[in-house]
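Right, one structure below, let's go through it.
No lab work stands behind these numbers, since they all come straight from the coordinates. The model shown is predicted, which means the values in this text are computed figures rather than measured ones. Virtual Cβ from ideal backbone geometry, glycine too; neighbours counted across all protein chains shown.
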Amino acid sequence: MSKQEIEELGSSIGYCFTDKGLLLEAVTHKSFHHENPDKASSYNERLEFLGDSVLGLVVVEYLFKLEKYYSEAIMSKIKSYIVKEAVLSDAAESISLGAYLRLGKGEKETGGRGKKSILADAMEAVFGAVYIDGGYERARDAVLRLLQDKIDTAVSSEQFFDYKTDLQEESQVRFGILPRYMTVKQEGEEHKKIFTVEVYIKGDRLGRGSGRSKKEAETIAAKEALSKIKSSENP
């Protein structure tokens, strides 16, 4: 990599490296190292291993501060999604990381610059390199610069959420009892019924929801109840 390429990649990441060698190591695949030991004394697997841990911490910290009632299970599911090969390779492609990779001849000829596994590993290695060179805050900035939209999309999609379980856990911790769901209305034809459910804790109605099944209605009611509990913490 030329000095200009290092600066270009650093700019895409949003970080200027003090030790340019760390960025060079982050984009060096083991195939290049094995074929050119005189040009690369190391390759990116150690930085990738470190970057994976840094990435996980950044994602969980972001979720922890975003919503207090996100359970361990929800944070774990979203983190697992963000560190997937497909998500990381997309982030790598957004900054054209493949163009900067140092690959062995065989990997180049078999399309290594576009392989999702290689791109994802290199992306984690870059995060690890930023952490070593600039510390946690700069690494966090780099991760969120490239992945915050993905995290926010995962949160807004609600596919990872289990509001009923979260409400049950919250109710037991705070009040020592389980929430109680009550179906208060059923309307519509048999195959097109709409159910309305209310959820109560200690006799207080905290949520109400309607859906095509009792489960859907209960989930909506639980979500509203959790929101009210959270709002009561921060008046």
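Quick notes on this one:
- Entirely in the stretch 1-86, the helices (runs of 4 or more DSSP H) that have 2 or more residues that are acidic (Asp, Glu): 3-13, 45-66
- Taken together, the residues in the stretch 172-209 that are within 14 Å of Ala225 (Cα to Cα), in a strand (DSSP E or B) and either of a type outside the set (Val, Ile, Thr) or out of contact with any helix residue (DSSP H, G or I) (no Cβ under 9 Å at 6 or more places or on another chain) (or both) amount to 11.
- The stretch 16-37, residues that are surrounded by fewer than 21 Cβ atoms within 10 Å (Cβ to Cβ) and among the hydroxyl-bearing types (Ser, Thr, Tyr): Thr18, Ser31
- Qualifying positions in the stretch 187-234 - surrounded by fewer than 13 Cβ atoms within 10 Å (Cβ to Cβ) and over 31 Å from the mean Cα position of the chain (by Cα): Glu187, Gly188, Glu189, Glu190, His191, Lys192, Lys202, Gly203, Asp204
- Subset of the stretch 91-113 [under 21 Å from Tyr81 (Cα atoms) and not aliphatic (A, V, I, L, M)]: Glu93, Ser94
- Only one of Arg212, Arg208 that is touching a strand residue (DSSP E or B) at 6+ places or on another chain (Cβ under 6 Å) and of a type outside the set (Val, Ile, Thr): Arg208
- Given (1) part of a helix (DSSP H, G or I); (2) acidic (Asp, Glu); (3) without any contact (Cβ under 8 Å) to a residue 40 or more places away in the chain, number of the condition Asp90 does not satisfy: (3)
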